[in-house]
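One structure is given below, encoded as structure tokens.
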Amino acid sequence: MIRTERIPARNPLAISVAGQGPLVVLVHGMGGDRTTWHAQIEALRERYTAASVDLRGYGDSADPSEPLDFKRDFTADLLAVMDHFGAQRAHLVGLSMGGRVVRSACLREPARVASLTLANTSPGFDAMDAAEMDRFIAERSQRVSASALPADFGIAQVHQMMAPGTDPDVMQTAAQAMQRLRPAQYLQVLAASTRQDWGDRLEDIACPTLVITSDQDRVYPAPIAEQMLARLPRARHVRIPNAGHLSNLEQPQAFNQALRAFLDELPPEAAARRTAT
């Protein structure tokens with residue numbers, strides 16, 4: 001059974017968790033929350049402690065106590081999850097913005113990261129100048145006010161992100177997570193994650209890394225993935241067919257197979273060790 005636990009950090013966090021063994025932390029995207037990882041928790045629980053986290057300001061976690069520092073604060077959230085389990089290191093899995101979160105966390109705290117899985121994500125916003133960042137933020141926030149989301153926000157977003165023919169129940173799961181977003185927090189994360197996510201040296205990532213892409217991702221299409229892979233020469237790459245941007249939801253069996261194969265084949269020195277239970 002997947003259970004909910006609370007982490008009494010400076011900004012209290014909520015997690016969904018099941019299983020025993022090395023710790024795997026699953027990190028949602030800008031429009032998600034911890035509930036979007038339940039299929040992965042079920043797939044991992046036989047061999048791993050699998051925990052999906054609501055980052056601060058998402059789901060059942062507390063709002064940030066101060067203006068968001070994208071890299072520092074979300075890294076602190078992941079460290080709080082590791083400390084909650086007494087884990088020296090953890091395997092980090094992130095999708096979309098979550099991939100950017102775990103990548104930055106790895107570069108800030110490399111000793112705490114056993115492996116990285118970067119799914120449907122990007123290397124950051126280094127290619128944009130300030131004016132382009134402003135336009136990017138404005139385009140993606142034009143339907144959102146600080147006080148309310150449009151009633152069709154979630155379903156409109158998933159239609160843009162998911163592949164044609166996706167199971168309606170899966171689309172509804174993703175849409176519900178997006179509709180639960182706190183609009184002021186969404187706008188804050190959008191601005192902070194765009195303006196602050198640059199300068200990361202992917203070439204310095206030394207831990208085992210899996211990059212997952214999908215053939216119908218319109219958010220981060222193939223050229224972006226290729227740029228990232230070129231900077232991660234030791235990374236393993238798996239491309240999931242018949243999936244859009246939310247590959248873990250759209251094709252969970254293929255996603256889980258790729259993730260389990262990667263984690264299960266890691267050498268003993270890459271283990272995410274636990275110091276307490």
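The values are calculated or read from the model by the stated rules, or taken from the named source; none is laboratory data. None of these values were measured; they are calculated from a predicted model. Neighbour counts are summed over all protein chains in view; Cβ atoms, including those assigned to glycine, are modelled from backbone coordinates with ideal geometry. For the accessible areas, the whole protein counts, side chains as well, though only heavy atoms, and no ligand, DNA or RNA atoms are used. Shrake-Rupley method; radii C 1.70, N 1.55, O 1.52, S 1.80 Å.
Starting from residues that are of a type outside the set (A, V, I, L, M, F, W, C) and surrounded by 23 or more Cβ atoms within 10 Å (Cβ to Cβ), keep the ones in the stretch 17-39 and report whichever is farthest from residue 99 (Cα to Cα).
22
Regarding the stretch 80-89, can at least one residue be identified that is under 14 Å from the mean Cα position of the chain (by Cα), crowded, with 20+ Cβ neighbours inside 10 Å and either of a type in the set (Asp, Glu) or closer than 22 Å to residue 235 by Cα (or both)?
No, there is no match, as no residue in the stretch 80-89 is under 14 Å from the mean Cα position of the chain (by Cα), crowded, with 20+ Cβ neighbours inside 10 Å and either of a type in the set (Asp, Glu) or closer than 22 Å to residue 235 by Cα (or both).
Can you tell me how many residues within the stretch 124-154 are among the β-branched types (Val, Ile, Thr) and under 20 Å from the mean Cα position of the chain (by Cα)?
Qualifying residue count for the region: 1.
Residues that are modelled with pLDDT under 95, in a helix (DSSP H, G or I) and of a type in the set (A, V, I, L, M, F, W, C): does the stretch 102-120 have at least one? Walk me through how you get there before you give the answer.
Of the stretch 102-120, the ones modelled with pLDDT under 95 are none.
Looking for residues that are modelled with pLDDT under 95, in a helix (DSSP H, G or I) and of a type in the set (A, V, I, L, M, F, W, C), one finds none in the stretch 102-120, hence no.
Which condition from (1) part of a loop (DSSP other than H, G, I, E, B); (2) among the hydroxyl-bearing types (Ser, Thr, Tyr); (3) under 18 Å from the mean Cα position of the chain (by Cα) is the one that residue 65 breaks?
(3)
Residue check: is residue 234 at pLDDT below 95 and more than 30 Å from residue 137 (Cα to Cα)?
Details: at pLDDT below 95: yes; more than 30 Å from residue 137 (Cα to Cα): yes.
Against the criterion (at pLDDT below 95 and more than 30 Å from residue 137 (Cα to Cα)), residue 234 qualifies.
Output the number of residues of the stretch 247-273 satisfying the condition of being free of Cβ contacts under 8 Å to residues at least 60 places away in the same chain and open to solvent by 20 Å² or more (accessible area, probe 1.4 Å).
Looking only at that region, the number is 9.
Residue by residue through the stretch 21-46, note down the ones that are in contact with a Lys or Arg (Cβ under 8 Å, 6 or more places away or on another chain) and assigned to a loop (DSSP other than H, G, I, E, B).
Of the stretch 21-46, the ones in contact with a Lys or Arg (Cβ under 8 Å, 6 or more places away or on another chain) are 21-23, 26, 28, 33, 43-44.
If the condition is that a residue be in contact with a Lys or Arg (Cβ under 8 Å, 6 or more places away or on another chain) and assigned to a loop (DSSP other than H, G, I, E, B), then 21, 22, 28, 33 are the ones that fit.
Which residue out of 63, 73 is farther than 21 Å from residue 2 by Cβ and surrounded by fewer than 17 Cβ atoms within 10 Å (Cβ to Cβ)? Break it down into steps so the answer makes sense when it comes.
On the way: 73 fails: surrounded by fewer than 17 Cβ atoms within 10 Å (Cβ to Cβ).
Result of the check over 63, 73: 63.
Can you pull out the helices (runs of 4 or more DSSP H) entirely within the stretch 129-246 that have at least 3 residues that are touching a helix residue (DSSP H, G or I) at 6+ places or on another chain (Cβ under 8 Å) and either open to solvent by less than 60 Å² (accessible area, probe 1.4 Å) or in contact (Cβ under 8 Å) with a residue 40 or more places away in the chain (or both)?
The qualifying helices (runs of 4 or more DSSP H) are 130-141, 153-161, 168-179, 183-196.
Taking the stretch 34-46 as the region of interest, how many residues are over 13 Å from residue 248 (Cβ atoms) and in contact with a helix residue (DSSP H, G or I) (Cβ under 7 Å, 6 or more places away or on another chain)?
Going residue by residue through the stretch 34-46, those that are over 13 Å from residue 248 (Cβ atoms) are 45-46.
From the residues that got through so far, the ones that are in contact with a helix residue (DSSP H, G or I) (Cβ under 7 Å, 6 or more places away or on another chain) too are none.
Of the residues in the stretch 34-46, 0 are over 13 Å from residue 248 (Cβ atoms) and in contact with a helix residue (DSSP H, G or I) (Cβ under 7 Å, 6 or more places away or on another chain).
Could you tell me how many of the residues in the stretch 1-16 are of a type in the set (Val, Ile, Thr), touching a helix residue (DSSP H, G or I) at 6+ places or on another chain (Cβ under 8 Å) and either within 15 Å of residue 58 (Cα to Cα) or open to solvent by 100 Å² or more (accessible area, probe 1.4 Å) (or both)? Quick ask: steps written out before the conclusion?
At the first step, the residues of the stretch 1-16 found to be of a type in the set (Val, Ile, Thr) are 2, 4, 7, 15.
Still in the running and touching a helix residue (DSSP H, G or I) at 6+ places or on another chain (Cβ under 8 Å): 2, 7, 15.
When the remaining residues are screened for being either within 15 Å of residue 58 (Cα to Cα) or open to solvent by 100 Å² or more (accessible area, probe 1.4 Å) (or both), the result is 7, 15.
Going through the stretch 1-16 one residue at a time, the tally reaches 2.
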